[in-house]
Amino acid sequence: MSLRTRILMLVLFATLLPAAITAYMVAGERESGIVRAREQLQSVSQLIAEDLQDAVRSTAQFEYGLSRARDFDTGDRATCSAFLAGVLKEHPQYTGLLTIRPDGYLFCDSLRTGRTLQLNDRRYFRQALAAPNSLALEPAFGRLTGKAVLQIAYPARNDGGAVKFVLLASLDLDKFMRGRSRSLPFSSAVLALMDRNGTLLTWHPEGEMQPGSRLADAPLHRLAQRRDSRDTHEEITTGGLTRVWAVAEPEPREVPGADLSVLVGVSKNELTAAADRRLNQTLAAVIVATLLAFVIAWVLAEAGIRRPIKRMMDAAARLESGDLDARIGKPYSRGELGALMGKLDATAERIGLFNTELEHRVVERTAQLEAANKEIDSFSYSVSHDLRAPLRAIDGYAQILKEDYADRFDDEGRRLIGVVRERAQKMGELIDDLLLFSRLGRSPLAATRIDMEAQVRGVLEEIAADAGPLPSIEVGPLPAASGDAALIRQVWANLIANAIKFTGQCEAPRIAVSGSSTDSELVYRIEDNGAGFDMRYYDKLFGVFQRLHDAASFPGTGVGLAIVQRVVLRHGGRVWAESRVGEGAAFHFSLPKTEPPARPDGPQDRPG
């Protein structure tokens, strides 16, 4: 593929990819806009439902205060009706106010009709009598006006708790919903109120659907009856127009028994119009910008990239053919390519200087490394001899005090001398472990064939000679490995010693040593039933001076497992463990599966 073709593809990619990303982002913004519009639609329906709750709550407070008026205690229907008529004039949100005697007969009403009506068959009346100190609500249509109202009944009781009368306020739902419909944020919005039976109570703007229509089991009714309808929208067609509908229900505790649903519908086209308009405008701008960017990028790439690169390729070809005097030559291009051309011209002249300087630096760094290693060796020698000597003196003098002057000390003095000796000996062990840990990273590996079973048994014999009888230790078949025999022996010694130490408090200690072989590595396992450890602190397990147990119960320097990890990693292997507190632990380490070197002539040394 020619350079010209590559540049063309690069330019296409450089222009089309941002365009595609921009188009994708714009499409996503369109979807976000539609989601925001739907959320606004849902918010509108919820706010109207909350307004209805507030209207019911206000009516409850209004009826509570009104029921305590002395005008109801006169027993005169005309006086009572006149009083209610005056109250109604001050509260035009109601179509009527009336009182009902406990026997169900109308007593007085704000319209001053003087009628005698039996209302004990009304659901709101029965509910008001049955539920003390609570409202009873029932949507209905006015017999004279034909408009939807919400009958809100309040039982007024005397001091003994008996019902004196039921006060009824008829909230004008048509006026309430008409006022809210005028403030809807969409021009094609429709606001409807429906009861649980599918009866359409209000519809604004008027004309498309008539209040009182029965819509039971229609799509709008099914949507209204969904109890999980919050933040849910459906596309439903009514009157030949497809709308996106949102539904909200007043809080049942605020509107008990009414079971009303507020529905807000908006034309699908209007809901998505703003997002579609922004999408089309942005896509048009993206297309024009992409075409313009392609033309500009192609011209710049041809003049600023392909031609300078061709000059560099020609000069490189001459250098490859042996012409060390070949140069790109001036004039150089501007920018990074021009700088690169100048650097390439200078490179041929500086190759010899760079080689000489590089050799000098290698010699210098080698000398610095050797000096650093000598300093480390000197420090190790100082620690090994200069620090051990004072510790031995402290331990020795403490032993002399204990043996020759014990009778001059009390029990506390003899205990302190023991503490001095114990701490001096522990410090000596810590120094030995640190020296061993520091030497592990510097000493070369002496790879030999290792008889792992022989090594383990040698370690066990050595521990038994120092510590006495050992617990039950089962040693299974262990595959031979290749590595530094002395270092691998240290791994076995540390792991087995740990297993013995942490099973020391068990009634029936058990330790098992086993091995296995995979396609790529040799895996060895040391398992015990001792104290175990908490796997939450696994990250600290192989760190220097990291201890997961009380030093008084399980003494140690905290370096043993760090030594194990460093040795295994130097051999290219892995080390890991698993455990449960009180149920023991299992430690694993692996070594690369390489062909062991040939067995040397004569008997093989077995450590320990």
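The values are calculated or read from the model by the stated rules, or taken from the named source; none is laboratory data. Nothing here was measured: the structure is a model prediction, and the numbers come from that model. As a convention, Cβ positions derive from the backbone with ideal geometry for all residues, glycine included, and neighbour counts pool all protein chains shown.
Please verify whether Val299 is at pLDDT 70 or above and touching a strand residue (DSSP E or B) at 6+ places or on another chain (Cβ under 7 Å), treating the condition exactly as stated. Taking the combined requirement at face value, the residue does not satisfy it.
For Asp466, are the conditions met, namely being over 14 Å from Val513 (Cα atoms), touching a residue at least 12 places away in the same chain (Cβ under 8 Å) and not small (Gly, Ala, Ser)? No, not satisfied.
Out of Ala508, Ala512, one residue alone is of a type outside the set (Phe, Trp, Tyr) and either in a helix (DSSP H, G or I) or farther than 19 Å from Val564 by Cβ (or both). It is Ala508.
Any residue at all in the range 179-189 that is touching a residue at least 40 places away in the same chain (Cβ under 8 Å), assigned by TED's automatic domain parsing to the domain that holds Ala216 and in contact with a Leu (Cβ under 7 Å, 6 or more places away or on another chain)?
We begin by selecting, within the range 179-189, every residue touching a residue at least 40 places away in the same chain (Cβ under 8 Å); these are 180, 184-189.
Still in the running and assigned by TED's automatic domain parsing to the domain that holds Ala216: 180, 184-189.
Filter once more, keeping what is in contact with a Leu (Cβ under 7 Å, 6 or more places away or on another chain): 180, 184.
Yes, there is a match, as at least one residue in the range 179-189 is touching a residue at least 40 places away in the same chain (Cβ under 8 Å), assigned by TED's automatic domain parsing to the domain that holds Ala216 and in contact with a Leu (Cβ under 7 Å, 6 or more places away or on another chain).
Going through (1) among the small types (Gly, Ala, Ser); (2) over 42 Å from the mean Cα position of the chain (by Cα); (3) crowded, with 20+ Cβ neighbours inside 10 Å one by one, Ala499 falls short only on (2).
Please verify whether Glu90 is crowded, with 17+ Cβ neighbours inside 10 Å and farther than 26 Å from Asn269 by Cα, treating the condition exactly as stated. In short, no.
Scanning the range 66-94 for residues that are modelled with pLDDT under 90 and within 60 Å of the chain's Cα centre (by Cα) yields Ser67, Arg68. Between residues in the range 478-497 that are in contact (Cβ under 8 Å) with a residue 12 or more places away in the chain and residues that are part of a loop (DSSP other than H, G, I, E, B) and of a type in the set (A, V, I, L, M, F, W, C), which pairs lie under 6 Å by C-beta distance while being six or more apart or on different chains? Sorted first by the residue in the range 478-497, then by its partner, the pairs are Asp484/Leu445; Asp484/Ala446.
Give the range 265-314 a look and list any residue that's closer than 30 Å to Leu344 by Cβ and either charged (D, E, K, R) or assigned by TED's automatic domain parsing to the domain that holds Ala189 (or both), or say none.
Glu302, Arg306, Arg307, Lys310, Arg311, Asp314
If you check Leu106, Leu88 for being under 21 Å from Asn158 (Cβ atoms), hydrophobic (A, V, I, L, M, F, W, C) and not in a loop (DSSP other than H, G, I, E, B), only one passes: Leu106.
Every residue, every condition in (1) in the same structural domain as Leu522 (by TED's automatic domain parsing); (2) modelled with pLDDT under 80; (3) part of a helix (DSSP H, G or I), yes or no:
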site: Val420; (1), (2), (3): no, yes, yes
site: Arg457; (1), (2), (3): yes, no, yes
site: Ala465; (1), (2), (3): yes, yes, yes
site: Pro477; (1), (2), (3): yes, no, no
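Annotation note: Cβ proximity below 8 Å between a residue of the range 49-76 that is free of Cβ contacts under 8 Å to residues at least 60 places away in the same chain and a residue that is of a type in the set (Phe, Trp, Tyr) (sequence gap 6+ or interchain) occurs for Ala69/Phe83; Asp71/Phe83.
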